[in-house]
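The values are calculated or read from the model by the stated rules, or taken from the named source; none is laboratory data. Nothing here was measured: the structure is a model prediction, and the numbers come from that model. No Cβ is skipped: glycine too gets one built from the backbone with ideal geometry, and neighbour counts run over all protein chains shown.
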Amino acid sequence: MKKLLQINPVMRFSSSTGRIMQEIGELAIQKGWESYLAYSKGRDGIMPSASRIIPVGNLWSVVCHGIETRLFDRHGLASTQATWKFIREIARIQPDIIHIHNIHGYFLNYPILFRYLSQCGIPVVWTIHDCWLYTGHCYYYSYIGCSKWQTGCQHCPQKNKFPTSWLFDRSARNYADKKAAFTSMPKDRLVLVPVSDWIKGEMQKSFLKDYDFRVIHNGINTEIFRICDTRTVLAKYGLEEKHIYLGVASIWSKEKGLEDFIQMSRQLKKEEILVLVGIKPEEKKKLPDNIVAITRTEDVHQLAELYSAADAFINPTWQDNYPTVNMEAIACGTPVVTYRTGGSIETITEATGYIVEQGNINGLIEAARAICERGKSSYQTSCRNYALQHFRKEDRYADYLYLYEELMTRG
């Protein structure tokens, strides 16, 4: 029986990477594979899954890794014992394919791991969810316009961003360490899978440019995210008779556009209202009255109702790879208005929304109002059809299984 081993720090369905890893595992099992999931026990505890679980490390190893990161900027260079124990598990299982999602997250030592992967002969698929693997520190750099990663990082302007270092700037050494570790992989044994055309283009300027790239966009559950009855959610939040402009994020920040929404609120008409999902209680206190703040919800069905109720989904993100929220909104029949940012524009067509330049608050409002004037109903069918053609998780995860089979036939 073929064996698949996936690696990611978290397994939670509420995290996009955890959900993707679990659902790929479920599809693999349906196709007759054995599925194994390796994750950081110190971050996620013991999680239920249809796959076989391999906990890596523990709370103490995560804490120690976090300390090395915070003090010395050594993210990915601790967890030595946990990594060697994990390697012994890989050797015992002998997977046919190893699929990495993320290895940042305070649980693995990447030089040790890649020393093994470069020699064991097992094909590796690495899904690129962010930019960490080819920079000296950060996991996104678009917001500050940094391009040092193209030639060699140093004097990192985001030392205090995740993975935060309070004292030392080790970005130049980190860059060299990552380059040495990741390029040690034989080119016929590593396939990089960017989830957007944007990040593929970025990586082709990096030290990984000579590797094989295959873009596979993320997928979503189009049975959950669909056009829903909205009467209940409209009544719950008092949104009847309003033009609703919706924003959703797991963590709100300047990079995600929270300040842009606050600026937007100052220009709204009486019949317009902003609804933001994922707002923390302390953030809610700072928001004006014409922003309805909803805390992060684990109820995806209510989230689908909110998407369906909105006239427009607005995503003023300043740095992003391939936002899941855009797909979810479109699958619920709601057009998207987004900044021209990274992979955020890759789901937008004339039928599914508008693209405006970064920082153009008036452009966001004008696009949202244009949708209202044309009528939300004129977008619903085309948005839904586009989602079914491009976003079905079953189709996107099947793309991975085809890739696994291809790699296994290389011999």
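Tabulated data
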item: Residues being among the charged types (D, E, K, R), more than 24 Å from N174 (Cα to Cα) and not in a strand (DSSP E or B) - total across segment 23-69; result: 5
item: Y402 being free of Cβ contacts under 8 Å to residues at least 60 places away in the same chain, surrounded by fewer than 15 Cβ atoms within 10 Å (Cβ to Cβ) and not polar (S, T, N, Q); result: yes
item: Scope segment 156-174; condition of a type in the set (G, A, S) and surrounded by 18 or more Cβ atoms within 10 Å (Cβ to Cβ); matching residues; result: S165, S171
item: Residue that is farthest from R214 (Cα to Cα), among those in segment 171-187 that are in contact with a Leu (Cβ under 9 Å, 6 or more places away or on another chain) and assigned to a loop (DSSP other than H, G, I, E, B); result: S184
item: Residue within segment 335-358 that is among the polar types (S, T, N, Q), part of a loop (DSSP other than H, G, I, E, B) and more than 30 Å from E282 (Cβ to Cβ) present; result: yes
item: Y402 among the aromatic types (F, W, Y) and out of contact with any Ser or Thr (no Cβ under 9 Å at 6 or more places or on another chain); result: yes
item: Which listed residue is in the same structural domain as Y397 (by TED's automatic domain parsing) and among the hydrophobic types (A, V, I, L, M, F, W, C), from F261, F213; result: F213
item: Residues of segment 108-126 satisfying the condition of being under 23 Å from the mean Cα position of the chain (by Cα), closer than 26 Å to L401 by Cβ and in a loop (DSSP other than H, G, I, E, B); result: L108
item: Leading residue by the ranking (nearest to the chain's Cα centre (by Cα)) among those in segment 324-336 that are crowded, with 24+ Cβ neighbours inside 10 Å and among the β-branched types (V, I, T); result: V325
item: Counted residues, segment 363-411 - those being over 20 Å from E271 (Cα atoms) and charged (D, E, K, R); result: 10
item: Selection count where residues are over 21 Å from E223 (Cα atoms) and in contact (Cβ under 8 Å) with a residue 24 or more places away in the chain, scope segment 324-343; result: 6
item: Hey, I93 in the same structural domain as W166 (by TED's automatic domain parsing), out of contact with any strand residue (DSSP E or B) (no Cβ under 8 Å at 6 or more places or on another chain), surrounded by fewer than 19 Cβ atoms within 10 Å (Cβ to Cβ) and farther than 29 Å from V248 by Cβ or not; result: no
item: Qualifying residue in segment 78-85 (condition: in the same structural domain as T164 (by TED's automatic domain parsing) and in contact (Cβ under 8 Å) with a residue 40 or more places away in the chain); result: no
item: Qualifying residues in segment 350-365 (those that are among the small types (G, A, S) and crowded, with 16+ Cβ neighbours inside 10 Å) - the one nearest to the chain's Cα centre (by Cα); result: G353
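Table: residues versus (1) under 15 Å from G105 (Cα atoms); (2) within 22 Å of the chain's Cα centre (by Cα); (3) of a type outside the set (A, V, I, L, M, F, W, C); (4) surrounded by fewer than 18 Cβ atoms within 10 Å (Cβ to Cβ).
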| position | (1), (2), (3), (4) |
| --- | --- |
| E23 | no, yes, yes, no |
| I29 | no, no, no, yes |
| V56 | yes, yes, no, no |
| S61 | yes, no, yes, no |
